[in-house]
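Take a look at the structure set out below.
The values are calculated or read from the model by the stated rules, or taken from the named source; none is laboratory data. Model, not experiment: these values are computed from the prediction. Cβ sites come from the backbone with ideal geometry, for glycine too, and all protein chains shown count toward neighbours.
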Amino acid sequence: MANKKLVIEYEERSAGLADLKPYEAGILRRVIEICKEARESGNNPFGCLLADAAGNILMEQGNEEVSLNGDCTAHAEALLMRKASQVYTKDEMQKLTLYSCAEPCCMCAGAMYWGNLGRLVYIGRESELKKATGDDARNPTLNLPVRAVFASGQKDMEIVGPILELEPDFMKCHEGFWNPSNTNNG
Ligand SMILES: [Zn+2]
């Protein structure tokens, strides 16, 4: 059988606070607080929240991989999508926004796809996170843009990010946390 080459076309974009509604900066600052709370509770410093189109916060979620006995699916966004999809219909999910601290991994992007999330806003770039985590076994960050995942699907989700003004505040939550063996992993 001939080798197959998978080529995914997607558009790399970034955004800024000026692209968001005025109240959304406050929501994203709350997301960074959730990251800090996750770290303080012994979990990995990641967090997200779900809000409606008026900015009302419906659910908050931090990473719980340690709290849930090593559950490898307990990333904040996957946990939130699992909970939200049991409360909201797919039509309702289509009208909601998930605000995440970082570009979601392909597992979490998959949960957003299957859960019919309408809009994602994220702060930090996966590439920056990968520089911090390196190959640390707790989070050997992938290099697979969320837009590439959705470009492979059958329906759109609005994706806004990274929000570069807030990325340093998010990355601060990771200072001294990871122990990569490869230091040149950018
Ligand atoms: Zn994830």
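Is there a residue in region 74-86 that is more than 16 Å from the ligand (Cβ to nearest atom) and surrounded by fewer than 21 Cβ atoms within 10 Å (Cβ to Cβ)?
Yes: region 74-86 contains one or more residues that are more than 16 Å from the ligand (Cβ to nearest atom) and surrounded by fewer than 21 Cβ atoms within 10 Å (Cβ to Cβ).
Is at least one residue of region 177-184 surrounded by fewer than 14 Cβ atoms within 10 Å (Cβ to Cβ), hydroxyl-bearing (Ser, Thr, Tyr) and farther than 23 Å from Asp19 by Cα?
Yes, because at least one residue in region 177-184 is surrounded by fewer than 14 Cβ atoms within 10 Å (Cβ to Cβ), hydroxyl-bearing (Ser, Thr, Tyr) and farther than 23 Å from Asp19 by Cα.
Take region 46-73 and flag every residue that is surrounded by 13 or more Cβ atoms within 10 Å (Cβ to Cβ), among the hydrophobic types (A, V, I, L, M, F, W, C) and in a loop (DSSP other than H, G, I, E, B).
If the condition is that a residue be surrounded by 13 or more Cβ atoms within 10 Å (Cβ to Cβ), among the hydrophobic types (A, V, I, L, M, F, W, C) and in a loop (DSSP other than H, G, I, E, B), then Phe46, Val66, Leu68 are the ones that fit.
Identify, from the list Asn43, Asn63, the residue that is under 29 Å from Ser181 (Cβ atoms), without any contact (Cβ under 8 Å) to a residue 40 or more places away in the chain, more than 13 Å from the chain's Cα centre (by Cα) and within 15 Å of the ligand (Cβ to nearest atom). Write out each step before concluding.
Values: Asn63 fails: more than 13 Å from the chain's Cα centre (by Cα).
The conditions single out Asn43.
Could you tell me whether region 163-175 includes any residue that is among the β-branched types (Val, Ile, Thr) and modelled with pLDDT of 95 or more? Steps first, please.
Applying the first criterion (among the β-branched types (Val, Ile, Thr)) to region 163-175 yields 163.
From what's left, modelled with pLDDT of 95 or more: 163.
Within region 163-175 (the criterion being among the β-branched types (Val, Ile, Thr) and modelled with pLDDT of 95 or more), the answer is yes, since at least one residue qualifies.
Inspect all residues belonging to region 139-161 and state whether any of them is in contact with an Asp or Glu (Cβ under 6 Å, 6 or more places away or on another chain), within 21 Å of Asn63 (Cβ to Cβ) and hydrophobic (A, V, I, L, M, F, W, C). Please lay out each step first, then the result.
Start the filter on region 139-161 by keeping residues that are in contact with an Asp or Glu (Cβ under 6 Å, 6 or more places away or on another chain), which leaves 146.
Applying the additional criterion that residues be within 21 Å of Asn63 (Cβ to Cβ) yields 146.
Checking the rest, the ones that are also hydrophobic (A, V, I, L, M, F, W, C) come to 146.
Yes, there is a match, as at least one residue in region 139-161 is in contact with an Asp or Glu (Cβ under 6 Å, 6 or more places away or on another chain), within 21 Å of Asn63 (Cβ to Cβ) and hydrophobic (A, V, I, L, M, F, W, C).
When both residues are 6+ apart or on different chains and their Cβ atoms are under 7 Å apart, which pairs have a first residue that lies in region 86-114 and is more than 12 Å from Leu58 (Cα to Cα), and a second that is more than 15 Å from the ligand (Cβ to nearest atom) and in a helix (DSSP H, G or I)?
Final answer for the pair search is Cys101/Ile32.
Give region 93-119 a look and list any residue that's among the aliphatic types (A, V, I, L, M), part of a helix (DSSP H, G or I) and within 12 Å of the ligand (Cβ to nearest atom), or say none. Spell out how you get there, then give the answer.
The initial filter retains those residues of region 93-119 that are among the aliphatic types (A, V, I, L, M), namely 93, 96, 98, 102, 107, 109, 111-112, 117.
Restricting the remaining residues to those that are part of a helix (DSSP H, G or I) gives 93, 107, 109, 111-112.
Passing the criteria: Met107, Ala109, Ala111, Met112.
Mind checking whether some residue in region 120-129 is modelled with pLDDT under 95, within 12 Å of the ligand (Cβ to nearest atom) and not charged (D, E, K, R)?
yes
What is the residue count in region 1-24 for residues that are in contact (Cβ under 8 Å) with a residue 40 or more places away in the chain and among the aliphatic types (A, V, I, L, M)?
Number of matching residues: 4.
Among the listed residues Ile27, Ile34, which satisfies the condition of being of a type in the set (Val, Ile, Thr), under 17 Å from the mean Cα position of the chain (by Cα), within 26 Å of Pro168 (Cα to Cα) and within 16 Å of the ligand (Cβ to nearest atom)?
Ile34
For region 126-151, which residues satisfy the criterion of being part of a loop (DSSP other than H, G, I, E, B), in contact with a Phe, Trp or Tyr (Cβ under 7 Å, 6 or more places away or on another chain) and under 12 Å from Ser181 (Cα atoms)?
Matches in region 126-151: Gly134, Asp136.
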